[in-house]
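The values are calculated or read from the model by the stated rules, or taken from the named source; none is laboratory data. This is a predicted model, so every value here is computed, not measured. Here the Cβ is made from the backbone with ideal geometry for all residues, glycine too, and neighbour counts use every protein chain on show. We work out accessible area using only protein heavy atoms, side chains counted, and drop any ligands, DNA or RNA first. Shrake-Rupley method; radii C 1.70, N 1.55, O 1.52, S 1.80 Å.
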Amino acid sequence: MADVWDSIPGTVRQTVERHVGSVSSVTVIDDGQNNDLAALVSGERPVFVKGVKGISRRMRWLRNEITAGALAGGIAPAVLFAEDVTADDDWLVVGFEYLPGRAADLAPGSVDLPAVGVTVDRIGALPAPGIRGLHLRWEVQDWWSRLGEIAPDVVTGWDVEDMDRWTVLAPEAVEGDRLVHTDLHGDQFIIGADGVIHVIDWGWPAAGAGWVDTAFMVIRLIEAGHSPADAEAWAATRAGWRVEADALTAFAAFTAGLWTYRSVTEHNRGARRARVARDYAARRVGVTEA
């Protein structure tokens, strides 16, 4: 605890202590990519604290989590406090309710799947006032051509121009006014001892069509061992699953291109997820990947 806590500026520590009381323990969560501080801080009560130093995209992502806490009340962790601390650089410090529990199991036959599905339904029914549309975020529409330039071996066997034609259709396909998490996977669902599910890590929310999070879940279910047909069958039982076939294909093509491009440019981070997304996109467009 001492090394971590002592490395944080005193003004930040004082801000946290003002809300949680005298700190007795700090358990750090290994999340150095998106936050400068991510820890369970125990004082008068345990609070999950995130902090970001410096005005940046990471700070904006943390502010998004504050917004989601209000829009997705009862699903996202409640925000207990949020303060900008400016005495020692610029910090944003946010305290979230501590949600003990386990991650959801998305494997075939898992008893968690029905409850996870209900949670996805609940999110897809929520409005997203003031949240930027996913269709605006998806302004780059030539991921496959870009891959052909920087990693031609990855797109060998693909009709790159055809894939780009599909991705061009994706922004309009996903446009909508429902709240979209955009990064749902098993670890984002926290199942408490009482069976209640919360969804964490709302750094990239968007406004979009009510089926979009379910479509992301299709890829995650395939990654967890489901066949594409079974994953789509699960999706078809969701309340918000009202999507045209071409819209879903455009979504799959865009997501596969985006995730693959990120994997290639980020030293193969997320390579397996990208591969699964490509396999799913291949199925949707009728391509057999080399």
Legend entry - Lone unmet requirement of (1) among the acidic types (Asp, Glu); (2) at pLDDT 95 or above; (3) open to solvent by 30 Å² or more (accessible area, probe 1.4 Å) for Asp112: (3)
Inset, instruction - Of all residues in the stretch 191-234, count the ones that are buried (at least 22 other Cβ atoms within 10 Å of the Cβ) and over 15 Å from Asp105 (Cα atoms). - result: 12
Inset, instruction - Could you tell me whether Asp187 is touching a residue at least 60 places away in the same chain (Cβ under 8 Å) and assigned to a helix (DSSP H, G or I)? - result: yes
Inset, instruction - Scan the stretch 44-53 and give yes if some residue there is loosely packed, with under 15 Cβ neighbours inside 10 Å, outside any strand (DSSP E or B) and among the acidic types (Asp, Glu), otherwise no. - result: yes
Legend entry - Filtered residues of the stretch 243-282 (kept if buried (at least 19 other Cβ atoms within 10 Å of the Cβ) and among the hydroxyl-bearing types (Ser, Thr, Tyr)): Thr249, Thr255, Thr260, Tyr261, Ser263, Tyr280
Legend entry - Hits in the stretch 79-109 (condition: part of a loop (DSSP other than H, G, I, E, B), out of contact with any Phe, Trp or Tyr (no Cβ under 7 Å at 6 or more places or on another chain) and open to solvent by 40 Å² or more (accessible area, probe 1.4 Å)): Thr86, Ala87, Asp88, Asp89, Asp90, Pro100, Gly101, Asp105, Pro108, Gly109
Legend entry - Residue match in the stretch 29-36 (condition: modelled with pLDDT of 90 or more, open to solvent by less than 40 Å² (accessible area, probe 1.4 Å) and either more than 28 Å from Asp183 (Cβ to Cβ) or not acidic (Asp, Glu) (or both)): no
Legend entry - Inter-residue pairs, beta-carbon under 7 Å, first modelled with pLDDT of 75 or more and in the stretch 2-13, second in a helix (DSSP H, G or I), 6+ apart: Arg13/Trp5
Legend entry - Val23 closer than 29 Å to Arg137 by Cα and open to solvent by less than 60 Å² (accessible area, probe 1.4 Å): no
Legend entry - Residue pairs meeting the criteria (Cβ under 7 Å; at least 6 apart or on separate chains; first within 23 Å of Pro100 (Cα to Cα), in the stretch 37-58; second polar (S, T, N, Q) and open to solvent by 50 Å² or more (accessible area, probe 1.4 Å)): Ala39/Thr27; Leu40/Thr27; Ser42/Ser24; Gly43/Ser22; Gly43/Ser24
